Amino acid sequence: MDVFSNAAQSAPMKKLIAAAVLSPEMHPDRVGERVAAIRQTLNMSKAEFADSLELDRSTMSKVESGTKGLDIIVGARIADFYGFGLDFIYRGVLSDTPPDLRSAVAANLQAVRLKKAKDDAEAKAT
């Protein structure tokens, strides 16, 4: 048995461990939905939001679609610049949002999830 493994061999194991340890709310799909809801609540385009966070625009699109995880540094910028706490961004704790924006972000989050479900259903039908 080989004691050493290369990165390609350990990648599936890392995903398995992450899935077992992390809450489902921390999955990139769920974090991306919340990031999109934050952006919509702030009435910003993807480009404006990405630029304000010093993030590549294509990376922002990948984060919002759930195909890329949100780096903690970017999450901290969202928290610092806009007042949305890391517990909301990464865990979905609605009480960690600015009180005056809480109902709007909840409504936008629901709209994001409904649109995603509709898009997924349409993709499955084709």
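The values are calculated or read from the model by the stated rules, or taken from the named source; none is laboratory data. Quantities reported herein were computed from a predicted structural model and do not represent experimental measurements. Quick reminder, even Gly has a Cβ in these numbers, built from the backbone with ideal geometry, and neighbours come from all protein chains shown.
General observations
- Residue identified as part of a helix (DSSP H, G or I) and either within 22 Å of residue 120 (Cβ to Cβ) or touching a Cys at 6+ places or on another chain (Cβ under 6 Å) (or both) among 64, 48: 64
- Close pairs from region 97-126: first in contact (Cβ under 8 Å) with a residue 24 or more places away in the chain, partner among the acidic types (Asp, Glu), Cβ under 8 Å, at least 6 apart: 109/33; 112/33; 113/33; 116/33
- Hey, residue 84 outside any helix (DSSP H, G or I) and within 20 Å of residue 55 (Cβ to Cβ) or not: yes
- Cβ-Cβ contacts under 9 Å between residues 6 or more apart (or on different chains), taken from a first residue in region 72-96 that is within 15 Å of residue 30 (Cβ to Cβ) and among the charged types (D, E, K, R) to a second residue that is modelled with pLDDT of 95 or more and not in a helix (DSSP H, G or I), are listed as 87/93; 96/84; 96/85.
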